[in-house]
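In what follows, a structure is listed as structure tokens, so that the remarks can point back to it.
The values are calculated or read from the model by the stated rules, or taken from the named source; none is laboratory data. This is a predicted model, so every value here is computed, not measured. Cβ sites come from the backbone with ideal geometry, for glycine too, and all protein chains shown count toward neighbours. Side chains included, ligands, DNA and RNA excluded: accessible areas come from the protein's heavy atoms. Shrake-Rupley method; radii C 1.70, N 1.55, O 1.52, S 1.80 Å.
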Amino acid sequence: MDLIEFKPGQEPVDLPLLIDNEWRPARSGKRITVSNPATGELVGHAASADKEEAIAALQAAARAFPAWARTSGDERAALLKKAGELVLARQEELATLLTLEQGKPLRDARGEVGSAAKTLIYYGEEARRIRGEIAPSKSRNTRSLVIRQPMGVVVAIVPWNYPMSLTAWKIGPALAAGCTVVVRPTSETPLAAALFSALCAEAGAPRGVVNVVTGASSEIGDELVANPLSQMIAFTGSTEVGRHLM
């Protein structure tokens with residue numbers, strides 16, 4: 001998987017879909033235009049997925065889940081630590097892109113990138129501390145054991161205002177727990193969040209563990225939420241959309 005690079009002042013970003021550790025253009029050829037909110041200048045394009053591509057991302061995550069769920073906490077910790085380090089190594093690039101597509105001051109964008117990287121590293125350490133417990137029993141003849149196990153495919157739906165932080169808060173604990181992920185950044189600010197997610201795959205995640213689909217809610221939103229392959233929805237957004245998802 002080749003990483004997409006962003007260099008300010010050069011060509012706009014052209015972001016495909018990330019499915020099964022492969023960058024794929026949208027089948028329809030449709031793209032989302034991302035403009036600088038301060039100047040209106042073009043920042044880049046993101047592929048606009050359809051329902052079938054959303055299903056393909058969910059299927060990739062579902063195929064990857066059994067093997068990823070069996071990995072040790074140490075293995076997950078190593079991956080998340082490396083992912084955090086990769087994000088920090090590209091902090092200036094990601095922060096500049098975040099400012100251009102989203103509009104926050106560059107100082108704040110740098111802080112968000114750094115915080116998101118630290119979130120990955122933090123949850124990597126938490127992966128080593130997933131424990132069960134022996135619960136008190138009312139019977140002398142029984143013992144109650146609590147075992148914590150990964151749920152399956154997690155769909156992470158991310159808003160526009162803190163796209164990288166809120167991606168990290170979802171993808172970090174999901175991967176640490178042994179779940180696989182499909183990230184759906186908002187169409188307003190898809191670029192930095194998608195590239196951030198891709199760095200988690202680049203850190204060594206097996207095929208299908210991390211997937212990213214961008215596109216209109218009307219095309220892919222309901223499929224990602226309602227498909228039986230989705231075992232958990234991690235959502236941050238408006239009350240109206242939250243009610244719709246429920």
**Study point:** Over the chain: helical MRE at 222 nm, DSSP H runs n ≥ 4 each giving -39500 (n - 2.57), nearest 500
**Key:** -14000 deg cm²/dmol
Check your understanding: If the limit is 20 Å between Cα atoms, which of K51/K170; K82/K170; K82/K118 go over it?
Key -> K51/K170
Check your understanding: Which value, in Å², gives the accessible area per residue of the range 3-107 when a 1.4 Å probe is used on the protein heavy atoms?
Key -> 50
Exercise for review: Above 19 angstrom, tally the Cα pairs of the range 83-234 and express them as a % of all pairs, no decimals.
Suggested key: 55
Study note, to complete from the structure: Restricting to aspartates and glutamates and to Cα separations under 13 Å from K81, and discarding same-chain partners fewer than 8 apart, the set is E125, E126, E202
Review point. Just how large is the dipole of the chain about the Cα centre, in debye to the nearest 20, putting +1 at every Lys and Arg Cβ and -1 at every Asp and Glu Cβ?
Key: 1280
Review point. Mind listing the phi-derived Karplus ³J(HN,Hα) values for the range 236-243, rounded to whole Hz, using 6.51, -1.76 and 1.60 with θ = phi - 60°, and x for any glycine or proline?
Key: 10, x, 6, 4, 4, 5, x, 5
Exercise for review: Return the inverse of the average 1/r over all pairs of distinct C-alpha atoms in the range 122-162, which is the Kirkwood hydrodynamic radius, in Å to one decimal.
Suggested key: 14.1
Revision key, fill the gap. When the charge dipole of the chain is computed with +1 on Lys and Arg Cβ and -1 on Asp and Glu Cβ about the Cα centre, the Cα farthest towards its positive end, among L97, F235, S217, belongs to F235
Review point. Rounded to a whole number, what % of the accessible area of the chain do carbon and sulfur atoms account for, probe 1.4 Å?
Key: 51
Review point. Can you give me the relative contact order of the chain as a percent, contacts being Cα pairs under 8 Å and 6 or more apart?
Key: 27
Practice item. Treat each spin label as a single point 7 Å out from the Cα along the C-beta direction, and report the K30 to S139 distance in nm. Key: 5.6
